[in-house]
Amino acid sequence: MEPNDTIPAAPEASAAVPAHRPRPRGRTTLIIAAAALLGIVGGVAVGYGVQAEREPTPLAALSQPGLGYPAKPLSADRAPAPLPAAQDRRVRTDGDLRKLLVDRPKGAKKTLIDELGLGDGWEPIDEYAEMKFENPHHMFEALAERGLRRVASTSWDQGKYRNTDVHLLQFRSGDVLGAAEHIDGQLMYMPRDESGAGNTGDAIKGSREGRYFLYPVDRKPGYLPFYRARALAVRGDIALDISISDSSPISKKDIRTLAERQLERL
């Protein structure tokens with residue numbers, strides 16, 4: 001190569017071929033998700049439409065035989081027919097509670113209070129607490145807290161010294177089961193003998209928790225023997241409290257049959 005000769009310039013590199021770029025995925029994914037959602041919604045709508053056109057399927061019969069309510073066939077508007085008064089306890093117990101008191105036995109005499117015309121069958125709560133409990137103030141407060149609504153009572157004398165008192169205590173309906181709590185409390189505090197064992201009494205027929213008791217005889221010099229019996233039971237919102245006192249022994253049959261007669265009226 002001659003000195004004056006120049007080296008030809010190298011040819012310019014050709015422009016780089018642009019690299020391949022991936023296809024954007026965001027829009028396609030959104031379209032697929034929207035189509036799937038429309039398919040689900042459409043399927044649900046079709047399913048509801050098919051179900052709405054079908055005849056209703058009758059429910060299976062109840063497995064409980066002989067349901068007691070309603071006692072009569074359903075009325076024209078398909079509402080349960082009301083219970084007759086003979087089967088609805090609330091009709092009786094929400095009325096005049098005194099009419100549910102057991103009748104005085106034949107041959108029994110009115111007490112002095114009834115003879116003087118001072119007794120009307122209703123007994124003030126403080127009077128009941130005063131007559132039945134050693135700590136009447138505490139019992140009055142306990143009865144008020146349990147929602148005692150009213151007390152109906154009757155009493156009579158038989159023979160020379162026997163006296164019988166019947167009390168029906170009705171409590172208000174609510175969260176507190178006042179009648180049951182009152183009777184439970186009384187059953188817990190029945191007299192205890194010298195060994196500390198409680199007086200468990202005997203069950204009253206027709207009552208799950210009702211019991212009747214014979215107390216130990218109370219003998220004091222210069223006084224006649226003092227015998228007592230008591231019956232306690234619950235029927236709904238009503239607590240039953242019956243007491244018999246006498247100078248002669250009281251049989252279990254006397255207190256038991258009286259309690260059963262009273263429960264039958266509730």
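The values are calculated or read from the model by the stated rules, or taken from the named source; none is laboratory data. Owing to the predicted nature of the structure, the values given are computational and were not obtained by experimental measurement. Cβ placement follows ideal geometry from the backbone for every residue including glycine, while neighbour counts extend to all protein chains displayed.
Report yes if GLN170 is surrounded by 14 or more Cβ atoms within 10 Å (Cβ to Cβ) and without any contact (Cβ under 8 Å) to a residue 60 or more places away in the chain, otherwise no. Give the derivation first.
Values: surrounded by 14 or more Cβ atoms within 10 Å (Cβ to Cβ): yes; without any contact (Cβ under 8 Å) to a residue 60 or more places away in the chain: no.
Taking the combined requirement at face value, the residue does not satisfy it.
Evaluated against (1) closer than 25 Å to GLU123 by Cα; (2) surrounded by fewer than 17 Cβ atoms within 10 Å (Cβ to Cβ); (3) not charged (D, E, K, R), SER243 falls short on exactly one condition, (2).
Take the stretch 243-257 and flag every residue that is in a loop (DSSP other than H, G, I, E, B), among the polar types (S, T, N, Q) and under 15 Å from PRO105 (Cβ atoms).
Residue satisfying the conditions is SER251 alone.
Does LEU240 count as of a type outside the set (Ser, Thr, Tyr), touching a residue at least 60 places away in the same chain (Cβ under 8 Å), touching a helix residue (DSSP H, G or I) at 6+ places or on another chain (Cβ under 9 Å) and assigned to a loop (DSSP other than H, G, I, E, B)? In short, no.
Mind listing whichever residues of the stretch 166-189 are aliphatic (A, V, I, L, M), over 11 Å from VAL234 (Cα atoms) and part of a loop (DSSP other than H, G, I, E, B)? Please lay out each step first, then the result.
Pass one, the stretch 166-189, residues aliphatic (A, V, I, L, M): 166, 168-169, 176-177, 179-180, 183, 187-188.
Adding the requirement that they be over 11 Å from VAL234 (Cα atoms) leaves 166, 176, 187-188.
Across the stretch 166-189, the qualifying residue is only VAL176.
Could you go through the stretch 153-174 and let me know if any residue there is more than 29 Å from ASP103 (Cβ to Cβ) and either among the hydrophobic types (A, V, I, L, M, F, W, C) or touching a strand residue (DSSP E or B) at 6+ places or on another chain (Cβ under 8 Å) (or both). No, that holds for no residue. The set of residues in the stretch 216-239 that are more than 14 Å from LEU266 (Cβ to Cβ) and buried (at least 17 other Cβ atoms within 10 Å of the Cβ) comprises TYR227, ARG228, ALA229, ARG230.
With the requirement that a residue be part of a loop (DSSP other than H, G, I, E, B), at pLDDT 85 or above and surrounded by 14 or more Cβ atoms within 10 Å (Cβ to Cβ), what does the stretch 95-126 give you? Steps first, please.
The first filter runs over the stretch 95-126 and keeps only residues part of a loop (DSSP other than H, G, I, E, B), leaving 95-96, 101-108, 111, 116-121, 123-124.
In the following step, the residues that additionally are at pLDDT 85 or above were identified as 96, 101-108, 121, 123-124.
Scanning the stretch 95-126 gives LEU101, VAL102, ARG104, ALA108, GLY121, GLU123.
Every condition in (1) among the aromatic types (Phe, Trp, Tyr); (2) under 17 Å from THR164 (Cα atoms); (3) assigned to a loop (DSSP other than H, G, I, E, B) is met by TYR223 except one, and the failing one is (2).
Looking at GLY201, is it without any contact (Cβ under 8 Å) to a residue 24 or more places away in the chain, surrounded by 16 or more Cβ atoms within 10 Å (Cβ to Cβ) and under 21 Å from VAL102 (Cβ atoms)? Break it down stepwise before answering.
Numbers: without any contact (Cβ under 8 Å) to a residue 24 or more places away in the chain: yes; surrounded by 16 or more Cβ atoms within 10 Å (Cβ to Cβ): yes; under 21 Å from VAL102 (Cβ atoms): yes.
Here the answer is yes, as GLY201 does meet what is asked.
Comparison of LEU214, LEU168, LEU187, LEU148 shows that the only residue that is touching a Ser or Thr at 6+ places or on another chain (Cβ under 8 Å) and not β-branched (Val, Ile, Thr) is LEU168. Evaluation of GLU260 against the conditions (1) of a type in the set (Asp, Glu); (2) touching a residue at least 40 places away in the same chain (Cβ under 8 Å); (3) in a loop (DSSP other than H, G, I, E, B) shows that the sole unmet condition is (3). Scanning the stretch 145-165 for residues that are exposed (fewer than 13 other Cβ atoms within 10 Å of the Cβ) and either of a type in the set (Gly, Ala, Ser) or part of a strand (DSSP E or B) (or both) yields one hit, GLY159. Scan ALA129, ALA142, ALA203 and give me the residue that is more than 28 Å from GLU264 (Cβ to Cβ), out of contact with any Gly (no Cβ under 6 Å at 6 or more places or on another chain) and either modelled with pLDDT of 95 or more or among the small types (Gly, Ala, Ser) (or both). Step by step, each of ALA129, ALA142, ALA203 is checked, and only ALA142 is more than 28 Å from GLU264 (Cβ to Cβ), out of contact with any Gly (no Cβ under 6 Å at 6 or more places or on another chain) and either modelled with pLDDT of 95 or more or among the small types (Gly, Ala, Ser) (or both).
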